[in-house]
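Structure first, then comments.
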Amino acid sequence: LLPPSPVCQIFSFRDCKSSPDPILDPLVTSCGTATPIVIDNGSFQTRADWATVDLDSPRLLFRSVAARSRGAARSETQIGNDIPNLEPLRWLLKSQFDRNVVVNFEIQELIFDHVFTHLGITSEGRVEHPIVLTEAPCNPLHCRQMMSELLFECYGVPHVSYGVDALYSFHHTNNQKNLRPPQTGIILSSGYHCSHILPVLNGRLDAVNSKRVNVAGGQAAAYLQRLLQLKYPGHLAAITLSRMEELLHEHSYTAVDYQEELEKWRSPEFYEREVHRMQLPFSGKLPGGCVSVEERQERRAQQLRRLQESNARRRGEKLHQDQERLDRLMAVQELLEDGFLDQFHKSLVELNMDSAEELQSYISKLQLAVEQGRQKLLHSDGAEGKTEDTLTEKPNMNPAFNMAEYHQLFVGTERLRCPEILFQPSLTGEDQMGMMETLQYVLARYTPEQQEALVSNVFLTGGNMQYPGMKERVERELLAIRPFQSHFKVTLAMQPTLGAWLGARDWALEHPPGCGGGRVAGWISRQDYEEKGGEYLSEHCASNVFVPIKINKTLPARQAEPSVTLPTEASGPVRMVTSSPTSSSLTSDVPMVSC
Amino acid sequence: MASQLPITIKSHPLAAGPAALRVKKRPGSPAVSAAQPPGGGTKKKKMSAAEVVTDMKAFGLVDSSPLTSVSTSTEGTAKPPPFKDPSFMHSGIGGAAAGKKNRTWKNLKQIMVLERTLPWKLDEPNYYNIDAPPSLKPSKKYSDISGLPANYTDPQTKLRFTSTEEFSYIRLLPTDVVTGYLALRKATCIVP
């Protein structure tokens, strides 16, 4: 009776190639030019489409990256799905984001061009539709100013609305479940660069008590990549970020109890069953092909030894020559001593010397040199005792060498270590609090009644929340945080990645901007932009909190826009920045340190 | 091809400017290294533009002609989309006229420094004060190799391990892999 063959889970990387987006038909509804365009501007992915009820998901979904090659081919930029495979162009990829905030507006302009072109907009001189755009929680005023400038002045958009993606997703799920507004709850949103804890009280974001943890999907992918590259130094090039993202999306999970789960992985049987063996394509590389640091050092030492030997040999030869010359001179001197004067003088002439004293001085010098040479030879001989000993011996090829196994990456505990960094950032050396500790910190700032209300509606959203086991883990940690026998409820968003776009679409349909007459809350019109500046935000149920601080706009060197910087009417108390240093002097003060 | 070179030199000195700038941007290219020795040590910017271009013509370098020919052709092929204002200039970038230094965008650190100088009140949220504070709990120690809870640290390499097999594996690791594991948890020692 044969023992049952061990269960082996062998997978291969799908390495999907993306195909370019088509140019879609403009789904302009009966509102005509008032149909809004909803763009969820994410640091991982951009999601955009028209705001109509018929769509279940946005049709434009692409990575927020642009591949711009340097030099003469600068105009050929590829965006998002135009790039079939990101890996060969990894070093050319640029994103408009720095963490979760837009800083590079040239690339943002390229992204907008791509979005508007593929949504079928052909109007001349301006985009005639209102835009709903997502921004980071507590987006810096400078960034909002630049974004408004880009939308209003470059694209001529009539109305713009900014909102927080997690809040849109929250409202979308509440609408789907027909829960009556205003809602109270606490949102745990985890994206690609950051994770946020956003308390919502009576329908409005309590921004003062929100917190951000700078650990999310991107850091998990980089961590996984480094772990596997260190474990498999021979496969450095095959361990790409795209494959890491695939591993995280499809082969990773969150442990409900991390310590307990790790103990399970100690047992070899569990390991054999649960390890995911990722089969790499055959590459023809044999182990030991790459030169490690040790081998390079060994080679250098070898070269040094060879040099030393040749030096020693040369010294020995010189010594020999000197010895011979010394003997000859000694012989000539003996001629003098023995009285053979004629021969002595002849030899002196041969040697090119004038007198016996010169001969004597030469002899003494040579004796000294010979003595030193002999000393050196003695020393080096002693040092060279260990000469060509056993150098690198080739490792014997194990006859049972399994070529298929050599090309497999064993992903074991990495499956749960990488999602764990959200809860324990110290795994990557970050000293910030993890997500649940931050939640505890945020809750502690409220009264017990408020805490009860918040915790009765914990909402998980964002792409990084989609690991199996995430909801159970949050529930378990919340049980540990909350007082004995108190209640709480955790909900995962119905669509964690698309929820933001769907929520923004719902909001846009419920709150159309309205033309001319009445001002609708949540929309910034062209007139608002010109009067109140680019950093103005019109608040609504899913937006940031607007703090009315006026910042000066730096003018471009060529054009001057006098109507922008002068406020014609101030709405409410507005704080002005009195001393206004120009941007150039600021950049010279700030050290240019790359994050 | 020869006819193009005189045209670019004569028509506008501005075209020579970007071409010279482009040449200057790539210090490794043969155009720059060949142009510098004949010109001598330090040159003023305006003089060098004309000199470099004439040197390019004199040496007949192949590099320059593809640059100029591509620049004229790309202006023809790449059409900007119709829905944009063609004369729009980003204000944050400073513009090319402000000098080459200001052409980069501010990164997040610089923007945060600027934000903090604004007159915020204590209870107003901004990007900086919603950053989570450092952790109050001591961190748990895990093995650098397997991720299991680690009770032991190797004094030679400072890596953490759980079992004797891991220890023997650690002692056979090359130094770059050891440094890699330490860098992963930001434990590389700062050499005094």
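Quick notes on this one:
- If the condition is being among the charged types (D, E, K, R), in the same structural domain as residue A:61 (by the TED database) and surrounded by 14 or more Cβ atoms within 10 Å (Cβ to Cβ), then region A:466-514 contributes A:505, A:506.
- Within region A:234-334, helices (runs of 4 or more DSSP H) holding 2 or more residues that are touching a Gly at 6+ places or on another chain (Cβ under 6 Å) and not hydrophobic (A, V, I, L, M, F, W, C): none
- One residue from A:200, A:208 being assigned to a strand (DSSP E or B) and out of contact with any helix residue (DSSP H, G or I) (no Cβ under 6 Å at 6 or more places or on another chain): A:200
- Flag for residue A:190 being closer than 22 Å to residue A:96 by Cα, within 12 Å of chain B (Cβ to nearest Cβ) and at pLDDT 95 or above: no
- Residue count for region A:421-472, restricted to those that are touching a Phe, Trp or Tyr at 6+ places or on another chain (Cβ under 7 Å), within 13 Å of chain B (Cβ to nearest Cβ) and outside any helix (DSSP H, G or I): 3
- Candidate set from region B:132-167 (those that are touching a Lys or Arg at 6+ places or on another chain (Cβ under 6 Å) and open to solvent by 20 Å² or more (accessible area, probe 1.4 Å)); member that is nearest to the other protein chains (Cβ to nearest Cβ): B:141
- Region A:10-69, subset assigned to a strand (DSSP E or B) and of a type in the set (Ser, Thr, Tyr), residue least open to solvent (accessible area, probe 1.4 Å): A:46
- Only residues that are more than 7 Å from chain B (Cβ to nearest Cβ) and in a loop (DSSP other than H, G, I, E, B) were counted across region A:94-124, and they come to 5.
- Among the candidates A:503, A:463, the residue that is out of contact with any Leu (no Cβ under 8 Å at 6 or more places or on another chain), over 22 Å from residue A:260 (Cβ atoms) and of a type outside the set (S, T, N, Q) is uniquely A:463.
- Test: residue in region A:136-147 that is basic (Lys, Arg) and either open to solvent by 10 Å² or more (accessible area, probe 1.4 Å) or without any contact (Cβ under 8 Å) to a residue 12 or more places away in the chain (or both): no
- Scanning region B:121-131 for residues that are at the interface with another protein chain (Cβ under 7 Å from one of its Cβ atoms) and either part of a loop (DSSP other than H, G, I, E, B) or open to solvent by less than 40 Å² (accessible area, probe 1.4 Å) (or both) returns B:123, B:124, B:125, B:126, B:127, B:130.
- Of all residues in region A:112-125, exactly one satisfies the criterion of being out of contact with any Cys (no Cβ under 9 Å at 6 or more places or on another chain) and either outside the structural domain of residue A:523 (by the TED database) or under 26 Å from residue A:539 (Cβ atoms) (or both), namely A:115.
- Filter result for residue A:197 (open to solvent by less than 10 Å² (accessible area, probe 1.4 Å), outside the structural domain of residue A:541 (by the TED database) and touching a Pro at 6+ places or on another chain (Cβ under 8 Å)): no
The values are calculated or read from the model by the stated rules, or taken from the named source; none is laboratory data. Since the structure is predicted, the reported quantities are computational estimates derived from the model, not experimental observations. Positions of Cβ are generated from backbone atoms using ideal geometry, with glycine treated the same way; all protein chains shown enter the neighbour counts. In case anyone asks, the SASA skips ligands and DNA or RNA and just uses the protein heavy atoms, side chains included. Shrake-Rupley method; radii C 1.70, N 1.55, O 1.52, S 1.80 Å.
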